[in-house]
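**Student:** Handing you this structure, nothing more for now.
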Amino acid sequence: MPTIANTAPAPLSDHWADETLTLLEALIARPSVTPQDAGCLELIGERLSALGFALERMDGGPAEARVSNLWALKPGTDPEGEILVFAGHTDVVPTGDLNHWHSDPFVPSIRDGKLYGRGAADMKTSLAAMVVAVEHFVRKHAKHRGGIAFLLTSDEEGPALHGTKLCVEQLRARGQRMDYCIVGEPTSVQQLGDTVKNGRRGSLSGRLRVLGVQGHVAYPQLARNPVHEAAAALAELVATSWDSGNAHFPATSFQISNVQAGTGAGNVIPGDFWVDFNFRFSTESTAESLKSRVHALLDAHQLRYELSWTLSGQPFLTPVGTLSQALSAAILHHTGVQTELSTTGGTSDGRFIATLCPQVVEFGPLNASIHKIDEYVPLDQLGPLAAIYAKTLENLLL
Ligand SMILES: [Zn+2]
């Protein structure tokens with residue numbers, strides 16, 4: 001468990017919270033369900049443009065599911081200076097059944113010290129706090145040495161093919177430099193600042209089709225039951241220890257997500273058995289090593305099968321360094337909380353950025369309600385979050 005340091009948080013003017021709340025409410029009021037942006041990037045772009053950022057839209061994808069992307073850059077005074085990128089997404093997941101929400105998910109609503117609305121936690125609070133942080137930083141340090149950039153997309157929650165991935169490919173092709181990146185995913189678990197992600201596990205999915213021969217249950221000798229033949233192999237897959245993880249990653253996990261067989265009739269042996277599964281893997285395994293171990297296991301059970309693979313993310317890791325230390329120090333300054341680095345949880349767009357940027361971390365507000373009914377952010381996290389982002393800029397770019 002994170003420990004609370006004895007230092008008291010630095011005093012903070014109400015401006016930080018008020019300004020973040022105002023922008024956050026405006027963002028939540030824009031119903032940007034993936035891949036819709038609903039004007040969020042325009043609003044953010046206006047604020048950045050007023051600070052001297054050069055804006056570039058990098059929209060992509062097919063016309064019927066157009067993805068909105070924004071790259072915004074404000075160089076520092078030193079042409080050789082480092083560049084810190086704030087990355088994030090304006091899109092939100094669907095609301096689910098509106099009858100279960102206690103207030104309209106796209107009308108920000110304050111109750112019991114919380115702001116409710118779709119995207120409040122994932123991740124419009126971070127976006128608002130990043131903009132407010134940069135406004136304060138640029139006003140205070142007009143001649144900042146290092147540069148600041150924003151890389152924002154409206155497709156992180158969906159297929160994520162034409163969002164950050166596309167932008168990173170374009171930025172790489174033109175040789176854009178990036179030194180540090182903070183992704184605003186909500187990472188805090190119990191209190192603001194307790195957790196920063198410095199990497200993510202890889203994600204590898206398999207779709208297995210075990211081939212049998214359909215027949216009458218009364219005449220099994222004339223059929224081949226693929227469920228029976230696969231059962232022992234599945235049990236072995238479930239029981240296998242794939243690796244033990246390492247100092248940065250938990251052990252690789254294997255989960256079956258869907259199975260399907262049968263015609264619905266009680267007297268028919270099914271002809272096919274479909275099994276979907278997913279690995280969340282550490283850097284102790286690779287996609288290739290996991291694939292070949294699964295194939296070897298299935299072959300050892302003499303199954304007749306087809307197997308297709310989808311690699312949705314390679315694992316990445318940012319070891320403790322300049323960025324994680326600057327962010328941890330800023331968190332300690334504004335919350336008194338000692339941060340823990342973690343690589344747990346799902347994938348994020350950090351996996352794409354890490355192919356171009358040597359140091360990528362993720363940090364944002366409480367994640368307890370993400371993707372849920374009545375998503376919220378605690379109001380007392382808004383000001384400190386913006387101040388932490390600003391302090392991190394001061395720690396790195398002056
Ligand atoms: Zn998110």
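**Student:** Okay, helix-only estimate at 222 nm for the chain: each DSSP H run of n ≥ 4 adds -39500 (n - 2.57), divide by all residues, round to 500 deg cm²/dmol; what do you get?
**Tutor:** It lands at -9000 deg cm²/dmol.
**Student:** With a Förster radius of 45 Å, plug the Cβ-Cβ distance of E236 and A63 into 1/(1 + (r/R0)^6) and report the FRET value to the nearest 0.05.
**Tutor:** 0.45
**Student:** What's the Cα-based Rg to Rh of the stretch 81-145, Rh via Kirkwood?
**Tutor:** 1.14
**Student:** Looking at the chain, I'd like the Rg to Rh ratio, where Rg is from alpha-carbon atoms and Rh is Kirkwood's inverse mean 1/r.
**Tutor:** With Rg and the Kirkwood Rh in hand, the quotient comes to 1.05.
**Student:** While we're on this one: 5 Å is the cut-off here: which amide hydrogens, built 1.01 Å from N in the peptide plane, fall below it relative to D272, excluding neighbours closer than 5 in sequence?
**Tutor:** It is G212, G262, by chain and number.
**Student:** Please say if the stretch 263-328 is rounded, prolate or oblate, where rounded means a/c under 1.5 for a ≥ b ≥ c the square roots of the C-alpha gyration tensor eigenvalues, and otherwise the choice is prolate for a/b larger than b/c and oblate otherwise?
**Tutor:** Prolate, because a/c is 1.5 or more and a/b exceeds b/c.
**Student:** Which log10 I(q)/I(0) values does the stretch 202-313 give at q = 0.09, 0.12, 0.14, 0.21 Å⁻¹ under the Debye formula, counting every alpha carbon as one identical point scatterer?
**Tutor:** -0.27, -0.46, -0.59, -1.09
**Student:** Something else: Could you tell me the distance between the Cα centroids of the stretch 120-139 and the stretch 286-312, to the nearest Å?
**Tutor:** Computed from Cα coordinates, the inter-centre distance equals 44 Å.
Only the coordinates and a few stated rules stand behind these numbers; no lab work does. These numbers come from a predicted model, not from an experiment. Glycine also receives a Cβ, built like all others from the backbone with ideal geometry; neighbour counts cover every protein chain displayed.
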